[in-house]
Amino acid sequence: MRDEAGFPNLLVKIPGTPQGLTAIEETVSAGIGVNVTLLFSDAQYLRAAEAYLRALERRLAKGEHLEVPSVASVFVSRWDKGADPLLSAHLHASLGLAMAKRAYASYRELLSGKRWASLEAAGARPQPLLWASTSAKDPGLPDDYYVANLVAPDTVDTMPEKTLLAFADHGDLAGLLEADDARAAAQVAAVVAEGVDIDALAESPLPR
């Protein structure tokens, strides 16, 4: 498909839902790049990453090349759009970044494991985390809030043009995102303590 389209980096969007995981594995196994979309939690990300790894291992077993591009798109600001009405003001705009940090910690742990090392040695590419939904929906937040806090090696950030231009004009980097799941877990725990069901929220259609 990539060759027929004339775009070697063509990625087919497939949602990382339970129903989509089989399609992701089969598509990557066929050598077609995939943008795994609609991921919200680290658990959802890990399930999608598992499908990607299984597909690469199938290709390796058949002696096929492993240079199949893929990204895992984790949506960020939708968390806060959905959770903030349920939370005290001091916790507003905290859940999205906390969940992103948890996904990033899982991502770094996967890349440091023996399973990935074997695939990488055989020519596999990492499946970068792609930060999606990174515009600030809350008018009380800085317009570069999510972008400034999601700078991390081996990741991609997509953003609307308005957010991109705002960041180019006055963006202020908050430093590199750390793979610190303990700190993120504390932020999530504070949200859960106020009665928010994180797992249920992750599986719900979070608002845009």
Hits in the range 151-199 (condition: within 20 Å of P85 (Cβ to Cβ), over 18 Å from the mean Cα position of the chain (by Cα) and of a type in the set (A, V, I, L, M, F, W, C)): A189, A190, V191, V192, A193, V196
Subset of the range 54-70 [surrounded by fewer than 22 Cβ atoms within 10 Å (Cβ to Cβ) and under 30 Å from R208 (Cα atoms)]: P69
Candidates D138, D172, D181 - the one that is under 15 Å from Y45 (Cα atoms) and at pLDDT below 95: D181
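Yes/no per residue for (1) closer than 21 Å to E50 by Cβ; (2) among the polar types (S, T, N, Q); (3) without any contact (Cβ under 8 Å) to a residue 60 or more places away in the chain; (4) in a helix (DSSP H, G or I):
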site	(1), (2), (3), (4)
G140	no, no, yes, no
D143	no, no, yes, no
D172	no, no, yes, no
E178	no, no, no, no
A182	no, no, yes, yes
Test result for T22, more than 17 Å from the chain's Cα centre (by Cα), farther than 23 Å from E109 by Cα, crowded, with 18+ Cβ neighbours inside 10 Å and without any contact (Cβ under 8 Å) to a residue 40 or more places away in the chain: no
Residue list for the range 25-52, restricted to those being surrounded by 20 or more Cβ atoms within 10 Å (Cβ to Cβ) and more than 15 Å from the chain's Cα centre (by Cα): E25, T27, V28, G33
Qualifying positions in the range 121-138 - in contact (Cβ under 8 Å) with a residue 60 or more places away in the chain and hydrophobic (A, V, I, L, M, F, W, C): A122, A124, L129, L130, A132
Enumeration of residues in the range 153-163 that are among the hydrophobic types (A, V, I, L, M, F, W, C) and modelled with pLDDT under 95: M159
Flag if W131 is among the aromatic types (F, W, Y) and over 15 Å from L46 (Cβ atoms): yes
Qualifying positions in the range 31-68 - over 30 Å from P207 (Cβ atoms) and either among the polar types (S, T, N, Q) or free of Cβ contacts under 8 Å to residues at least 24 places away in the same chain (or both): A61, K62, G63
Subset tally (residues that are surrounded by 11 or more Cβ atoms within 10 Å (Cβ to Cβ) and among the acidic types (D, E)) for the range 147-184: 5
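The values are calculated or read from the model by the stated rules, or taken from the named source; none is laboratory data. A quick note: this is a predicted structure, and the numbers were derived from the prediction, not measured. A quick note on method: Cβ atoms are made from the backbone with ideal geometry, for glycine too, and the neighbour counts reach across all protein chains shown.
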